[in-house]
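Trainee: Okay, handing you the structure first.
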Amino acid sequence: MLIKTIQQLIGNTPLIHLQIKVPKHSHIYAKLEMFNPGGSIKDRLGQYMIQDGIDKGKINATTTIIEPTAGNTGIGVALATQEHHLPTILVVPEKFSYEKQTLMKALGAKLINTPSEDGIKGAIKKAREIAAETPNSYVPMQFENPANPAAYYHTLAPELIQDLDQPIDAFVAGAGSGGTFAGIAKYLKEQNSNTQSIVVEPEGSILNGGPEHPHKTEGIGVEFIPPFFKNVQIDQTLTISDADAFKYVRQMAAQQGLFIGSSSGAALAASLKVAEQLPENSTIVTVFPDSSERYMSENIYQKP
């Protein structure tokens, strides 16, 4: 395959049938989003939001792009703005992985860190302050932008239907900004109203009504209810401990040769719980958003 830009490789990632023991002889399929050129599912989002801004006249050749991010979206945005030669400022809480922040800088973005204790809300506030002081700037704002769920509705979700070519009994995915889950769940429900939509969060996230507190699972977990959830049916929310998420990170590497991140481990843990609830021989689809390689500095494979 001959390509002219690395951005042409975004999307059409592999779907793997996991060769693991699943309750009730069911089957789990996982979309391997680490095969995007920027290493995560958020390459799709970065590309889609920047193109949407260009199409709507919000971005021109000299616009400065400013975005609050936990990391992967920043990489995806930087990859997209690099193609259009747009100056980019990414606002990242200090706590997020060193590898992700290094990759954002390598792509040419300027990073501004906010205090870890302020969480993503602090990064959002800072991004808006910078935008107010920067002429001809644009904040795509993944947490509010309808292009977020639309990115997955129009790309990843149709790929699942095309790749699998069989009814999907349950869709299981984590939520950070909520766009991935909302976009895919909406599309799959339109194709088959019987498909269950199960959202995954770590302990310390608030979707199941628990208290907010820090967690080691990166990329998912919310400090506020994503606005995209207003227009999507959620059949169940599963809260997964850090211990379970990291257990499956280690298991996938040792048994399947898959280097997955902690949010993927949480998604797999939840998928196995869902299999216990469904009838025999059910089909469960999930998403592995990124790889473990960008979390090595956090000792992702270290046993407790």
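Trainee: Per the Kirkwood treatment, what hydrodynamic radius in Å, one decimal, follows for the chain from the mean inverse distance over all distinct Cα pairs?
Mentor: 19.3 Å
Trainee: Take the alpha-carbon positions of the range 45-97, form their convex hull, and give its projected area averaged over all directions (one quarter of the hull surface) in nm².
Mentor: Its average projected convex-hull area is 3.3 nm².
Trainee: Suppose each label sits 7 Å from its Cα in the direction of the beta carbon; what would the A254-D165 distance come out to in nanometres?
Mentor: Between A254 and D165, the label points sit 3.7 nm apart.
Trainee: Here's another thing I want to ask about it. Measuring from centroid to centroid over Cα atoms, what is the spacing of the range 1-63 and the range 234-304 in Å?
Mentor: Cα centres, the range 1-63 to the range 234-304: 19 Å.
Trainee: When the helix-only estimate is applied to the chain (DSSP H runs of n ≥ 4, each -39,500 (n - 2.57), divided by the residue count), what is the mean residue ellipticity at 222 nm, nearest 500 deg cm²/dmol?
Mentor: -11500 deg cm²/dmol
Trainee: Let me ask something additional. Starting with the fewest neighbours, write out S97, S193 ranked by other beta-carbon atoms found within 10 Å of each beta-carbon.
Mentor: With the fewest neighbours first, S97, S193 line up as S193, S97.
Trainee: Another question, if that's okay. Starting from the Cα-Cα distance between N12 and K24, subtract it from 0.36 nm times their residue separation and give me the gain in nm to one decimal.
Mentor: Here the segment from N12 to K24 would lengthen by 1.3 nm.
Trainee: Just list whichever of K42/K126; K100/K216; K42/K247 have alpha carbons separated by over 19 Å in the model shown.
Mentor: In this structure, K42/K126; K42/K247 exceed 19 Å between Cα atoms.
Trainee: Can you tell me the Rg and Dmax of the range 181-228, counting just the alpha carbons, in angstroms?
Mentor: Here Rg and the maximum Cα pair distance are 12.8, 37 Å.
Trainee: Please say if the range 1-69 is rounded, prolate or oblate, where rounded means a/c under 1.5 for a ≥ b ≥ c the square roots of the C-alpha gyration tensor eigenvalues, and otherwise the choice is prolate for a/b larger than b/c and oblate otherwise?
Mentor: Judged from the Cα gyration tensor, the range 1-69 comes out prolate (a/c at least 1.5, a/b above b/c).
Trainee: Using amide H atoms built in the peptide plane, which far-off residues or other-chain residues are under 5 Å from I66 H to H?
Mentor: Counting only residues 5 or more places away or on other chains, the set is I89, Y138, V139.
Trainee: With no solvent and one point on each alpha carbon, what is the Debye value of log10 I(q)/I(0) for the range 151-304 at q = 0.10, 0.12, 0.14 Å⁻¹?
Mentor: Debye output, listed in q order: -0.33, -0.48, -0.66.
Trainee: Moving on to the next point. What FRET efficiency comes out for the pair R128/E190, r = Cβ-Cβ distance, R0 = 35 Å, nearest 0.05?
Mentor: Efficiency, from the Cβ-Cβ distance: 0.55.
Trainee: What aspartates and glutamates could a cross-link reach from K186, if we take a straight Cα to Cα line under 19 Å and drop same-chain neighbours fewer than 8 places away?
Mentor: Hits, sequence-local ones excluded: E144, E159, D163, D165, D169, E201, D235.
Trainee: Dividing the Cα convex hull volume of the range 42-138 by residue count, how many Å³ per residue is that?
Mentor: Given the Cα convex hull of the range 42-138, per-residue volume reads 79 Å³.
Trainee: If neighbour count is taken as other Cβ atoms inside 10 Å, put K303, K125 in order from fewest to most.
Mentor: Ranking K303, K125 by Cβ neighbours within 10 Å, fewest first, gives K303, K125.
Trainee: What is the range 230-271 by shape, rounded, prolate or oblate, if you read a ≥ b ≥ c off the alpha carbon gyration tensor as root eigenvalues and call it rounded for a/c under 1.5, prolate for a/b larger than b/c, and oblate otherwise?
Mentor: prolate
Trainee: For the range 176-255, with equal point scatterers placed on the C-alpha atoms only and solvent neglected, what are the log10 I(q)/I(0) values from the Debye formula at q = 0.13, 0.20 1/Å, to two decimals?
Mentor: Values returned for q = 0.13, 0.20 Å⁻¹ are -0.45, -0.92.
Trainee: Kindly write out, for the range 32-43 in residue order, the coupling ³J(HN,Hα) from the Karplus curve 6.51 cos²θ - 1.76 cosθ + 1.60 (θ = phi - 60°), rounded to whole Hz, with x marking Gly and Pro.
Mentor: Computed from phi, the couplings for the range 32-43 are 8, 7, 5, 7, 5, x, x, x, 7, 4, 6, 4 Hz.
Trainee: Follow-up question, since we're still on this one. Taking the chain as a Gaussian network, Cα atoms linked when under 10 Å apart, which of N12, N192, N113 shows the biggest mean-square fluctuation?
Mentor: Result: N192 has the largest fluctuation of those listed.
Values quoted throughout were computed directly from the atomic coordinates according to the rules given, and no laboratory measurement underlies them. Since the structure is predicted, the reported quantities are computational estimates derived from the model, not experimental observations. Ideal geometry is used to build each Cβ from the backbone, glycine not excepted, and the neighbour counts take in all protein chains shown.
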